[in-house]
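Peer 1: Below is one structure. I have some questions about it.
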Amino acid sequence: QVQLVESGGGLVQPGGSLRLSCAASGRGIVFNVMGWYRQAPGKQRQLVAGITIGGNTNYAESVKGRFSISRDNAKSTVYLQMNSLKLEDTAVYYCNAKVYQLEYWGQGTQVTVSS
């Protein structure tokens, strides 16, 4: 049974920073791809950033230059460093992990950017 547990969400002012973490439990599973998605009220869930086991990354255009994704394969953990946060970054952020045809989701963590 694989579980993804997110942490690090919260309330921050515009221009501030947050760091999200997602730790995967399981029997030494090494995920091909790990990433972060977000869903704002009334909108579809969208990819924020992804990282392969080899360290290749991709980002949504809206977060390039502000967000940075990284992973620790030994700990099966993925991180999302979010800087220069904007009001429009407010959403529930979900961790995602893929291995072969299997896909797993975390429960989500709320990020609210507000003055």
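Peer 1: Near residue 91, within a Cβ-to-Cβ distance under 15 Å, what is the net charge of the other residues, with Lys and Arg +1 and Asp and Glu -1?
Peer 2: +2
Peer 1: Taking all protein chains as present, what is the carbon and sulfur share of the accessible area of the stretch 1-59, in % to the nearest whole number, probe 1.4 Å?
Peer 2: Answer for the stretch 1-59 is 48 percent, counting heavy atoms of protein chains only.
Peer 1: On average, how much accessible surface per residue is there in the chain, in Å², for a 1.4 Å probe, leaving out ligands, DNA and RNA?
Peer 2: That works out to 55 Å² per residue.
Peer 1: Note down the Stokes-Einstein diffusion coefficient of the chain in µm²/s, whole number, using a Kirkwood radius over alpha carbon pairs, 25 °C, and 0.890 mPa s.
Peer 2: 175 µm²/s
Peer 1: Now a separate question. Mean-square fluctuation check for the chain, GNM, Cα pairs under 10 Å: which of 55, 42, 26 is largest?
Peer 2: Sorting by GNM fluctuation, first place goes to 42.
Peer 1: Any chance you could check the Cα centroid distance between the stretch 88-113 and the stretch 1-28 for me, in angstrom?
Peer 2: So the separation of the two Cα centres works out to 9 Å.
The values are calculated or read from the model by the stated rules, or taken from the named source; none is laboratory data. Because the structure is predicted, anything quoted here is derived from the model rather than measured. No Cβ is skipped: glycine too gets one built from the backbone with ideal geometry, and neighbour counts run over all protein chains shown. For the accessible areas, the whole protein counts, side chains as well, though only heavy atoms, and no ligand, DNA or RNA atoms are used. Shrake-Rupley method; radii C 1.70, N 1.55, O 1.52, S 1.80 Å.
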